[in-house]
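The values are calculated or read from the model by the stated rules, or taken from the named source; none is laboratory data. None of these values were measured; they are calculated from a predicted model. We place every Cβ from the backbone using ideal geometry, glycine too, and count neighbours over all the protein chains shown. Ligands, DNA and RNA are stripped out before the accessible areas are found, and what is left, the full protein with its side chains, is counted by its heavy atoms. Shrake-Rupley method; radii C 1.70, N 1.55, O 1.52, S 1.80 Å.
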Amino acid sequence: MRRMRDDSAPRGKHDFIIRQMMVEDMPAVMALEKQAFKNPWSPELLQRELQHEWSTILLVEEERAEGPAELLGLAIFWIVHDEVHVLNVATAPVHRRRGVARAVMDEVLARGKARRCTLATLEVRRGNEAALQLYRSLGFRPVGIRPNYYVDEGEDAIVMLLDF
């Protein structure tokens, strides 16, 4: 007899677990930030985001045969009035090209639509071609440039917008 999969946890077109970050997740999130970025977010900055009612940090995890679920990626975003503003999307380097960022962005945008947002915005490094391709495929379009936005590397940001 075949057992049906338990679908009690909401899932998209993937088998990832997407949930909100808790304070206890800080060590794993900091490890991911350090793997994913040359200039990671600080624990203080993440802690502040956890305290703002308009801010959400979503974690993307995958169950393992042994031990706790593995953290694959995250997204940090704000919902203010009718706008979703994406602040940070990170995927562990060993899990890139598996749909982690797409899965978390799909969830971010779904939450924005559920809250009746009319648009989503984000900034992305001019040189981050993989992210630019992902955001374009989700319907974002470039609307401006923020010169030298990433000061440590002297890189411009492309401002992107998605109308719901």
ask   = Near Ile158, within a Cβ-to-Cβ distance under 9 Å, what is the net charge of the other residues, with Lys and Arg +1 and Asp and Glu -1?
value = +1
remark   = Once Lys and Arg are counted +1 and Asp and Glu -1 for all other residues with Cβ under 10 Å from that of Leu132, the total becomes +2
query = Around Ala69, with a cut-off of 10 angstrom between Cβ atoms, what is the net charge of the other residues, counting Lys and Arg +1 and Asp and Glu -1?
reply = -2
query = Given only helices, namely DSSP H runs of n ≥ 4 each adding -39500 (n - 2.57), what is the per-residue ellipticity at 222 nm of the chain, to the nearest 500 deg cm²/dmol?
reply = -8000 deg cm²/dmol
remark   = Mean accessible area per residue over the chain (1.4 angstrom probe, all protein chains present, square angstrom) is 61 Å²
message = Over all directions, the average projected area of the alpha-carbon convex hull for the chain comes to how many nm²?
response = 11.1 nm²
query = So what are the ³J(HN,Hα) numbers for the stretch 123-129, from phi and the Karplus equation (6.51, -1.76, 1.60; θ = phi - 60°), rounded to whole Hz, Gly and Pro as x?
reply = 10, 9, 4, 4, x, 8, 4
request  = Run the dipole for the stretch 83-157 about the Cα centre, Lys and Arg Cβ at +1, Asp and Glu Cβ at -1, nothing else charged, and hand back the magnitude in debye, nearest 20.
outcome  = 440 debye
ask   = Carbon-plus-sulfur fraction of the accessible area of the chain, 1.4 Å probe, in percent?
value = 51 percent
query = Under unit Cβ charges (Lys, Arg +1; Asp, Glu -1), what dipole magnitude, rounded to 20 debye, does the chain have relative to its Cα centre?
reply = 660 debye
